[in-house]
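Participant: Below is a structure I'd like to ask you about.
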Amino acid sequence: MTTTPQTSSPRVAIVTGATSGIGEATSRALHAEGYRVLLTGRSQSRGEALARELGSGARFYPADLTESDAATHVTEAALAFAGRLDVLVNNAGIDHTGDILSTPMEEIRAVFETNTFGTMAMLQAAGTVMKILGGGSIVNVTSRLASIGVPTMSVYAASKGAVLALTRSAAVELAPHNIRVNAVAPGMTRTALFDEWVAAQPDSEAAARSVAAGIPLGRVAKPEDVANAVLFLASDRAAYLTGASIPVDGGYTAA
Ligand SMILES: NC(=O)c1ccc[n+]([C@@H]2O[C@H](COP(=O)([O-])OP(=O)(O)OC[C@H]3O[C@@H](n4cnc5c(N)ncnc54)[C@H](OP(=O)(O)O)[C@@H]3O)[C@@H](O)[C@H]2O)c1
């Protein structure tokens, strides 16, 4: 039986990268489902604005997950806010485009610091608390690029591929503690990250059109599409899923 511990009090979730895009949409969706949500990210203004809008069921705690102990502080902030922890949405991430043969190692390290090590640190901090509390659900946001090859995306893809591998092994290791670990693998999603990528292409409009044309469902994802899959994996409806990765890519990786 793998469910989060039963109690009458509202469930509590941490969402990293809650200050924009997929994390913001996921925070709104969890809040609408009755979760108490600890929002975290680096932008104080965007984080506090979202917490204000959501009201008493949400709190913002600013943190840069590349800093040591940040994950512990975020987890402590969730406990101080809501007294328990049921769900971690490990979503914070940065994009990277560059030729693999010439990307400086320090740039590679910076991508891994956020996408991989920040994710691992949050899994460790939140997982430790969940183990003590009797269970929980962790959802890692990876990428379609964890599973397919695309030129100039090697560094980003490797940072997300590591998180996919982490998802599988941590799921097996933490199953005896009633902690489920799953992933969502978004395809192109209409967020600031996507808009920046489009803007960086030589012909932005053509790039946006060609992306949509290459997706079986004919459009890029909305952040809410990804949030819905996260919501499912976080919930007891997914009680028998662990170590799984759900592609949320309009059929891109199936084609
Ligand atoms: N958009 C896509 O097409 C797409 C596709 C596949 C996967 N993804 C993944 O989905 C996740 C969310 O992406 P998004 O598109 O929603 O991007 P986004 O709008 O740029 O949001 C990224 C979030 O991560 C936070 N973040 C970045 N570095 C951080 C750090 N060092 N410490 C703490 N927080 C940090 C940002 O916080 P601040 O802004 O406050 O610094 C922001 O809230 C990422 O992991 C991304 O790789 C996105």
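Participant: At 1.306 mPa s and 10 °C, plugging the Kirkwood radius over alpha-carbon pairs of segment 125-255 into Stokes-Einstein gives what diffusion coefficient in µm²/s? It would help to have the intermediate numbers written out before the result.
Facilitator: Values: Rh = 15.8 Å.
Reported coefficient: 101 µm²/s.
Participant: Relative to 2.2 N^0.38 Å, what does the C-alpha radius of gyration of the chain come to as a ratio? Two decimals please.
Facilitator: Compared with the compact-globule rule of thumb, the chain sits at 0.96.
Participant: Ranked highest first by the average count of other Cβ atoms within 10 Å around their residues, in what order do 107-114, 211-218 fall? Working shown, then result.
Facilitator: On the way: 107-114: 16.6, 211-218: 13.1.
Going from most to least packed, we get 107-114, 211-218.
Participant: Just order 21-29, 60-68 by mean Cβ neighbour count inside 10 Å, highest at the front, would you? Could you put the intermediate results ahead of the total?
Facilitator: Values: 21-29: 25.2, 60-68: 17.9.
Ranking the peptides 21-29, 60-68 by packing returns 21-29, 60-68.
Participant: Using only alpha carbon pairs under 8 Å that are at least six residues apart, calculate the relative contact order of the chain and give it in whole percent. It would help to have the intermediate numbers written out before the result.
Facilitator: Values: 514 pairs, mean separation 55.1, N = 255.
Answer for the chain is 22 percent.
Participant: What is the distance in Å between the Cα centroid of segment 194-226 and that of segment 138-160?
Facilitator: The distance from the Cα centre of segment 194-226 to that of segment 138-160 comes to 17 Å.
Participant: Here is a follow-up. What does the charge count near Leu39 come to, summing +1 for each Lys or Arg and -1 for each Asp or Glu among other residues with Cβ under 14 Å from its Cβ?
Facilitator: Values: positive: Arg28, Arg36, Arg42, Arg46, Arg52, Arg59; negative: Glu24, Glu48, Glu53.
That sum, taken over residues with Cβ under 14 Å, equals +3.
Participant: On average, how much area does the Cα convex hull of segment 33-101 cover when viewed from any direction, in nm²? Can you show the working numbers first?
Facilitator: Details: hull surface 25.3 nm².
One quarter of the hull surface, i.e. the mean projection, equals 6.3 nm².
Participant: Follow-up question, since we're still on this one. Helix by helix, which DSSP H runs in the chain go 27 Å or more along their axis at the Cα atoms and have an average Kyte-Doolittle hydropathy of -0.5 or more?
Facilitator: 154-174
Participant: Per DSSP helix of 4 or more residues, -39500 (n - 2.57); summed, then divided by the residues of the chain. What does that give at 222 nm, rounded to the nearest 500?
Facilitator: Result for the chain: -13500 deg cm²/dmol, rounded to the nearest 500.
Participant: Among 39-48, 84-93, 115-124, how do they line up from the highest to the lowest mean number of other beta-carbon atoms within 10 Å? Walk me through the numbers on the way to the answer.
Facilitator: On the way: 39-48: 19.3, 84-93: 27.0, 115-124: 21.9.
Going from most to least packed, we get 84-93, 115-124, 39-48.
Participant: Put a dot 7 Å past each Cα toward the Cβ at Lys131 and Ala255; how far apart are the dots in nm?
Facilitator: Result for the modelled spin labels: 4.3 nm.
Participant: Also, I was wondering about something else. Lys and Arg at +1, Asp and Glu at -1: add these up for the other residues within a Cβ distance under 12 Å of Glu53 and post the number. Walk me through the intermediate numbers first.
Facilitator: Numbers: positive: Arg28, Arg46, Arg52; negative: Glu24, Glu48.
In short, +1.
Quick note: the coordinates plus some simple rules give every number you see, no bench work behind them. All figures in this text were calculated on a predicted structure; none of them were measured in a lab. No Cβ is skipped: glycine too gets one built from the backbone with ideal geometry, and neighbour counts run over all protein chains shown.
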